[in-house]
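Asks: Questions regarding the structure given below will be posed in turn.
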Amino acid sequence: MEQRKGFAVFLIVCGALILVNALGWSVKGWIGYLFPIALLVAGFALLKRGNTFWGGLAIAFGVVGLLAKFWWLLGWLLAFVLIAAGVRMWKRRF
């Protein structure tokens with residue numbers, strides 16, 4: 001019963017954010033993260049109920065959506081990893 005209350009609160013918060021966005025207030029940056037996070041939450045809820053196919057599919061789409069939002073962060077991380085690997089190789093050679 002507590003899980004349903006938590007999911008109900010999550011749905012209310014999502015609806016409130018969408019309504020605030022429709023009114024023109026400044027939450028436009030957050031709305032793009034709302035749908036992938038909602039997919040992740042729904043996927044985990046489906047996995048708990050035993051529906052592995054639809055739960056896994058929802059989680060997969062949620063992860064892909066969040067990766068698309070955080071792609072800039074992954075680009076920076078990749079750049080730092082490449083620089084660190086290059087410095088490490090340079091130190092080993094000389």
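Asks: In nm, what is the difference between 0.36 nm times the number of residues separating residue 49 and residue 17 and their Cα-Cα distance?
Replies: Length gained, residue 49 through residue 17: 8.8 nm.
Asks: 222 nm [θ] for the chain, helices only, -39500 (n - 2.57) per DSSP H run of 4+, per residue, to 500?
Replies: -31000 deg cm²/dmol
Asks: If you wrap a convex hull around the C-alpha atoms of the range 2-93 and split its volume per residue, what is the figure in Å³?
Replies: Enclosed volume per residue, from the Cα hull, is 143 Å³.
Asks: Nearest 20 debye, what's the magnitude of the dipole of the range 2-93 about its Cα centre given +1 on Lys and Arg Cβ and -1 on Asp and Glu Cβ?
Replies: 500
Values in this text are rule-based calculations from the coordinates and carry no lab data. Here the structure is a predicted model, which is why all the values come from computation and not from measurement. We place every Cβ from the backbone using ideal geometry, glycine too, and count neighbours over all the protein chains shown.
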